[in-house]
Amino acid sequence: MALVLCMTLAVGCGRFLGDRVPPASAPAEVKRVTFEIVARENRCEPSVLAADRGGGSLLITLRVTSVGKQHVFLVPDLNIRWTIPPDTEVLIPVVADRSGIYQYGCTGLPWLGPLDARAS
């Protein structure tokens, strides 16, 4: 129903689904790391996000740049869904709750879910 409504009104589902990022509250002694990600042609580069907490807290800052068109950036394991306007860079801070590899994806189609938009 929402998909039909979005297509009918030509508003875009991003407005209905909304951006979401959990609050990035971390202790002062937290380990900090920044990942540079480029969203281009419905793909993300690089395609792997690996985090090692080292037994403590880890504050990840995702620096995501959307090239050429609007992209929706998704990290399901971190509960992140963010709409990035064309040719714009955003910083998304998030506290990692585990070490490991996080799957993520980018799409230009705002009604696709995280499982449909995995990084290739």
Quiz item: Which residues, counting only those in the range 54-82, are open to solvent by 70 Å² or more (accessible area, probe 1.4 Å) and either closer than 12 Å to VAL95 by Cα or in contact with a helix residue (DSSP H, G or I) (Cβ under 7 Å, 6 or more places away or on another chain) (or both)?
Solution: ASP77, ASN79
Exercise. Could you grab the pairs with beta carbons closer than 6 Å, sequence gap of 6+ or different chains, first residue in the range 31-47 and free of Cβ contacts under 8 Å to residues at least 12 places away in the same chain and closer than 18 Å to GLN70 by Cα, second one of a type in the set (A, V, I, L, M) and assigned to a strand (DSSP E or B)?
Key: GLU45/VAL38
Self-check item: Count - residues of the range 43-63 that are within 11 Å of the chain's Cα centre (by Cα) and under 14 Å from GLY108 (Cα atoms)
Solution: 1
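The values are calculated or read from the model by the stated rules, or taken from the named source; none is laboratory data. On a predicted model such as this, the values are computed, not experimentally measured, just so you know. Here Cβ is always computed from backbone atoms with ideal geometry, including for glycine, and neighbour counts include all displayed protein chains. Only protein heavy atoms, including side chains, enter the accessible area calculation; ligands, DNA and RNA are left aside. Shrake-Rupley method; radii C 1.70, N 1.55, O 1.52, S 1.80 Å.
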